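Here's the structure we're looking at; comments come further down.
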Amino acid sequence: MILEARCQLSLEASAPVPAIFMLRPRSGWGQWVMREEYICEPHLPMVEYTDDFGNLCQRVMLPAGPLSLAASCVVDTSDTIDVRRDAEFVPVELVPDPILKFLLASRYCQSDQLIDLAQSIAGHLAPGYRQAEAITTWIHRNITYQYGASNASTSALETANSRHGVCRDMAHLGISLCRALSIPARFVSGFLHELDPMDLHAWFEAYVGTRWYTFDATQAAAKGNRIAIAYGRDAADVALLTQFGPISLRGITVSVAPHS
C-alpha cells in the first residue's frame, strides 16, 4: 500500500536553541520513499547528516519564539511483514561487526539483568526466530498497554516488573530479552497505518538468519504498512527532537492514510 504520513510539531523557545530533528525516513527493506516535504515556519536553514545508525538527521538553530515543523512523506510500503520461523540464530562470532552493538545492554535495555526471564520465556526453544517470536507473544500477553503508566525514563527492567507500558516500553523489553539470549535487536520508530489512537509508533527488529525481522508486541500478529523513520539501540538514539536548551513542545499531530 502507498501511504501518506505526516508529523507536525508546534514548538516555542524562549531563546535561540541548537537542535537536531530526526523525522525523515529513507528507502530500505520494505519501504520506498516516493516523495517528501519538509516545511519549517519560519523558514530556517538546516544541515543534514547521517548518524552512525544510518538515520537522516537535520541540524538547526531554532530562534526564540513559536515555530512549526511539518514533515510529510509518500511511501510505498509492504502490506505484510516477513516471517521465517526457521531463521536460525547467528552465532556471536559470526555477527557482522556493525551489528555487534545491538547485542549490548544500553540505556533503556538492561539485557544483562533480564537473562533469567528471557530463559524462562524462550530458553527451551531452538535459538533464532522462534525465540524472538515467543518473547513478543509473552510481552503481548503479559504486559498491559496503558497510557500514562510509564514515562520517558522508564526502562525495560521497570516494565518487566510493573507489567504495564506503551509501545516504547514493549519494544525496549523485547529488545532486552532478545539480547539476553544473544540475539541482536534494535529499536525502530515510525508510522503505522490504522494505529488507534494515531501517534508515532515503536517496535523492534531482531537479527536472525543473517537479516533483520520485524516484531511488534502491541499486536497479536504484527501488521505491515509501516514506515520506519529511525533505528537505534533504544529510544535514546531515535528521538524525533534533541534539544540543547529549553524548548516547549506545544503540540504534535500525526496522520497516516492511503495515498490518493
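Matching residues to (1) part of a loop (DSSP other than H, G, I, E, B); (2) in contact (Cβ under 8 Å) with a residue 24 or more places away in the chain:
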position	(1), (2)
Gly148	yes, no
Glu158	no, no
Met170	no, yes
Ile175	no, yes
Ile183	yes, yes
Phe191	no, yes
Glu194	yes, yes
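Of the residues Ala171, Ala156, only one is touching a Leu at 6+ places or on another chain (Cβ under 7 Å) and either buried (at least 22 other Cβ atoms within 10 Å of the Cβ) or not β-branched (Val, Ile, Thr) (or both); which?
Numbers: Ala171 fails: touching a Leu at 6+ places or on another chain (Cβ under 7 Å).
Sole residue among the options that is touching a Leu at 6+ places or on another chain (Cβ under 7 Å) and either buried (at least 22 other Cβ atoms within 10 Å of the Cβ) or not β-branched (Val, Ile, Thr) (or both): Ala156.
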Quick check: is even one residue across the stretch 92-110 assigned by TED's automatic domain parsing to the domain that holds Arg186, surrounded by 14 or more Cβ atoms within 10 Å (Cβ to Cβ) and touching a Leu at 6+ places or on another chain (Cβ under 6 Å)? yes
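Tell me whether the stretch 17-24 contains one or more residues that are over 30 Å from Ala180 (Cα atoms), aromatic (Phe, Trp, Tyr) and either touching a Ser or Thr at 6+ places or on another chain (Cβ under 8 Å) or not assigned by TED's automatic domain parsing to the domain that holds Arg186 (or both).
First, pick out the residues of the stretch 17-24 that are over 30 Å from Ala180 (Cα atoms): 17-21, 23-24.
Restricting the remaining residues to those that are aromatic (Phe, Trp, Tyr) gives 21.
From what is left, the residues that are either touching a Ser or Thr at 6+ places or on another chain (Cβ under 8 Å) or not assigned by TED's automatic domain parsing to the domain that holds Arg186 (or both) are 21.
For the stretch 17-24, residues over 30 Å from Ala180 (Cα atoms), aromatic (Phe, Trp, Tyr) and either touching a Ser or Thr at 6+ places or on another chain (Cβ under 8 Å) or not assigned by TED's automatic domain parsing to the domain that holds Arg186 (or both): present.
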Pick from Thr242, Thr214: which is more than 28 Å from Thr80 (Cβ to Cβ), within 17 Å of the chain's Cα centre (by Cα) and assigned to a strand (DSSP E or B)? Thr242
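In the stretch 110-128, is there at least one residue being touching a Lys or Arg at 6+ places or on another chain (Cβ under 7 Å) and touching a residue at least 12 places away in the same chain (Cβ under 8 Å)?
Let us first name the residues in the stretch 110-128 that are touching a Lys or Arg at 6+ places or on another chain (Cβ under 7 Å), namely 111.
Within this subset, residues satisfying the condition of being touching a residue at least 12 places away in the same chain (Cβ under 8 Å) are 111.
The answer is yes, given that some residue of the stretch 110-128 is touching a Lys or Arg at 6+ places or on another chain (Cβ under 7 Å) and touching a residue at least 12 places away in the same chain (Cβ under 8 Å).
Of Tyr147, Tyr207, Tyr231, Tyr213, which residue is hydroxyl-bearing (Ser, Thr, Tyr) and in contact with a Lys or Arg (Cβ under 6 Å, 6 or more places away or on another chain)? Step through it out loud before you land on a result.
Working: Tyr147 fails: in contact with a Lys or Arg (Cβ under 6 Å, 6 or more places away or on another chain); Tyr207 fails: in contact with a Lys or Arg (Cβ under 6 Å, 6 or more places away or on another chain); Tyr213 fails: in contact with a Lys or Arg (Cβ under 6 Å, 6 or more places away or on another chain).
Checking each option against the conditions leaves just Tyr231.
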Answer with yes or no whether Asp216 is of a type in the set (Asp, Glu), out of contact with any Gly (no Cβ under 6 Å at 6 or more places or on another chain) and surrounded by fewer than 24 Cβ atoms within 10 Å (Cβ to Cβ). no
Could you give every pair whose Cβ atoms fall below 6 Å, whose first residue belongs to the stretch 3-15 and is in the same structural domain as Leu249 (by TED's automatic domain parsing) and touching a residue at least 12 places away in the same chain (Cβ under 8 Å), and whose second residue is surrounded by fewer than 16 Cβ atoms within 10 Å (Cβ to Cβ) and among the hydroxyl-bearing types (Ser, Thr, Tyr), counting only separations of at least 6 or pairs across chains? Arg6/Ser255; Gln8/Thr253; Ser10/Ser68; Glu12/Ser248
Condition broken by Asp196, with the remaining ones in (1) surrounded by fewer than 22 Cβ atoms within 10 Å (Cβ to Cβ); (2) under 13 Å from the mean Cα position of the chain (by Cα) satisfied: (2)
Of the residues in the stretch 84-131, those that are in contact with a strand residue (DSSP E or B) (Cβ under 9 Å, 6 or more places away or on another chain), among the small types (Gly, Ala, Ser) and not in a loop (DSSP other than H, G, I, E, B) come to Ser106, Ser111, Gly128
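The values are calculated or read from the model by the stated rules, or taken from the named source; none is laboratory data. Remember, predicted model here, so these are calculated numbers, not experimental data. Note: ideal-geometry Cβ built from the backbone for every residue, glycine included; neighbour counts use all protein chains shown.
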